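Reviewing the structure listed below.
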Amino acid sequence: MDLKAEDVEYTGPQPGPKPAPRSLNGRFILESYKEDRALKATVQNGFAMVSQKVSLKGLRLLVDVQNLQGQYIAYKGDIAYIREASLQSQPWAKSTFTSDAIEGEFIIVEQAYIEFVDKA
């Protein structure tokens, strides 16, 4: 009996849907920061302060985030809050990236710069 490729049924793993992109090693993939050039003043403890020095800015997470142990620590759509002073002074805040896996421009932020995450 001669076997042909068409006569053999493939029973191995079947291709499924492409998994969603995720960030590894605690790096946060966030929407890019739109800098507001106008200086704003706020009063704190009786002193006038530049608002950008004392405020936090929320940026939307574009992919799920895993830590070094593989646990998910934040999810796509959550809002990560970063000191606005860091967003204006750190080089990573001005380095925007694009990818065919993620829509639009984004920045990559180390976990150390994230103050807190608000769940979506």
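The values are calculated or read from the model by the stated rules, or taken from the named source; none is laboratory data. Here the structure is a predicted model, which means the values were calculated and not measured.
If you go through region 92-120 and keep only what is within 12 Å of TYR33 (Cα to Cα) and over 13 Å from the mean Cα position of the chain (by Cα), you end up with LYS94, SER95.
Looking only at region 50-91, residues that are in a strand (DSSP E or B) and modelled with pLDDT of 90 or more come to 17 in all.
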